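S.K.: Pasting a structure below so you can have a look.
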Amino acid sequence: LSTTTANTTGEITPKTLTITADAKGKVYGDADPALTYTSSGLVVADAISGTLARASGNNVGSYVINQNTLSAGNNYSITYVGANLTISPKALTITAVAKSKVYGDADPALTYTSSGLVGADAISGTLSRATGENVGNYAINQNTLSAGNNYSSTYVGANLTISPKALTITAAAKSKVYGDADPVLTYTSSGLVGTDAISGTLSRATGENVGNYVINQNNLSAGSNYSISYTGANLAINRA
């Protein structure tokens, strides 16, 4: 009588382990947050070792979070579900500085202050102002000022104020003999800009007897771009 014994060999295959990266976000210029994950499929007491990593880069955009060195050993077959680290623009505040000038003068340099720049980053471009040269307020605009796509700019405007220019008008003293016609009333001035001119006429206090009569500014004007300082004089009527 003979017997036969059959030998069987059992094979243990790796267990499926799912690792899912958590999506992350940060503001440009900030440190990276910790890269974390969740998992399903670990056998009690087993653990995952290693770390996640993300694609390199620090500008605004989305960067893939990779499995990197994450592993639970040869007993597991890992299914990795990735995510992104998103870098969003940093808030940058640009504040124009209020400026002023006198009518007829050259514009002052338009300047600004800022808060929110990272490291050696800089703002490029220039401010501009609304056009016009008459007395009044002119908005200072952001124009081409920018720190690039890594920033979300908030612009706080201001005004360039043009104030009236001082104009001095000085009446010339006049005289006549009682009974004669009045001479032409004249004046000198200083402070006019370019081709600007004074319009209107002087006048004098009424009266035709011998004496002194004040010469008044009357309706002399160079417009709202000027602040006039008037120096009067007299028309003297002398005895015939």
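The values are calculated or read from the model by the stated rules, or taken from the named source; none is laboratory data. This one's a predicted model, so the numbers in the text were calculated from it and none came from an experiment. Every residue, glycine as well, gets a Cβ built from its backbone with ideal geometry; the counts of neighbours run over all protein chains shown. Side chains are part of the model used for accessible areas, which takes the heavy atoms of the whole protein and leaves out ligands, DNA and RNA. Shrake-Rupley method; radii C 1.70, N 1.55, O 1.52, S 1.80 Å.
S.K.: Could you tell me the extents of segment 156-219's C-alpha atoms along the three principal axes, largest first, rounded to whole Å?
M.R.: 67, 21, 15
S.K.: Two decimals is fine: what is log10 I(q)/I(0) at q = 0.16, 0.17, 0.29 Å⁻¹ for segment 78-117, from a Debye sum with one equal scatterer on every Cα and no solvent?
M.R.: At q = 0.16, 0.17, 0.29 Å⁻¹ the computed log10 ratios are -0.66, -0.69, -1.01.
S.K.: So what's the net charge close to Ile140: Lys and Arg +1, Asp and Glu -1, counting the other residues with Cβ under 12 Å from its Cβ? Working shown, then result.
M.R.: Working: positive: Lys99, Arg129; negative: Asp107.
Local net charge: +1.
S.K.: Let me ask another. State in Å² the accessible area per residue of segment 28-167; use a 1.4 Å probe, count heavy atoms of protein chains only, and round to the nearest integer. Don't jump to the answer; show the numbers that get you there.
M.R.: Details: 7590 Å² over 140 residues.
Averaged over the residues of segment 28-167, the accessible area is 54 Å².
S.K.: With springs only between Cα atoms under 10 Å, which of Asn137, Asn66, Asn219 fluctuates most in a Gaussian network model of the chain?
M.R.: Asn219
S.K.: Further, regarding this structure: For segment 152-212, what % of the accessible area comes from carbon and sulfur atoms, probe 1.4 Å? All intermediate terms of the calculation are to be shown ahead of the outcome.
M.R.: On the way: 1800 of 3480 Å².
Here carbon and sulfur together make up 52 percent of the probe-accessible area.
S.K.: Let me check against my output: what whole-number percent is the relative contact order of the chain, with C-alpha pairs under 8 Å and at least 6 apart?
M.R.: Numbers: 511 pairs, mean separation 35.5, N = 240.
Once divided by the residue count of the chain, the mean separation gives 15 percent.
S.K.: Quote to one decimal, in nm, the extra length available between Thr188 and Thr231 on full extension: 0.36 nm per residue of separation minus the C-alpha distance between them.
M.R.: Additional length available on full extension: 14.5 nm.
S.K.: For the residue pair Ala181 and Thr144, what label-to-label distance in nm results when each label sits 7 Å from Cα along the Cα-to-beta-carbon direction?
M.R.: Taking the simple label geometry, Ala181 and Thr144 are separated by 6.3 nm.
S.K.: With a point put 7 Å past each Cα toward its Cβ, work out how far Ala130 is from Ala98 in nm, to one decimal.
M.R.: 1.6 nm
S.K.: Still on this structure, please answer the following. May I ask you to derive the relative contact order of segment 127-240, considering only C-alpha pairs under 8 Å and at least 6 residues apart, and to give it as an integer percent?
M.R.: Working: 223 pairs, mean separation 31.1, N = 114.
The normalised contact order for segment 127-240 reaches 27 percent.
S.K.: Let me ask something else about it. Give me the net charge for the shell around Asn68: Cβ to Cβ below 15 angstrom, other residues only, Lys and Arg +1, Asp and Glu -1. Spell out each step's value before the answer.
M.R.: On the way: positive: Lys24, Arg54; negative: Asp22, Asp32.
Net charge around Asn68: 0.
S.K.: How much length is gained if the chain between Lys26 and Ser152 is pulled fully straight, taking 0.36 nm per residue apart and subtracting their Cα-Cα distance, in nm to one decimal? Don't jump to the answer; show the numbers that get you there.
M.R.: Details: separation 126, 0.36 × 126 = 45.36 nm, distance 1.41 nm.
Separation in residues times 0.36 nm, less the Cα-Cα distance, equals 44.0 nm.
S.K.: I've got another one for you. Compute the semi-axes of the equivalent ellipsoid of segment 67-225, taking the square root of 5 times each eigenvalue of the Cα gyration tensor, and list them largest first in whole Å.
M.R.: Working: eigenvalues 1102, 22, 19 Å².
Over the Cα atoms of segment 67-225, the ellipsoid semi-axes are 74, 11, 10 Å.
S.K.: Semi-axes of the equivalent ellipsoid of segment 70-146: what are they in whole Å, largest first, if each equals the square root of 5 times a C-alpha gyration tensor eigenvalue?
M.R.: Numbers: eigenvalues 586, 25, 13 Å².
After diagonalising the Cα gyration tensor, the semi-axes are 54, 11, 8 Å.
S.K.: Now for a different question. Considering only the other residues whose Cβ falls under 13 Å of the Cβ of Val118, what net charge follows from Lys and Arg at +1 and Asp and Glu at -1? Walk me through the numbers on the way to the answer.
M.R.: On the way: positive: Lys26, Lys90; negative: Asp30, Asp121.
Once positives and negatives cancel, what remains is 0.
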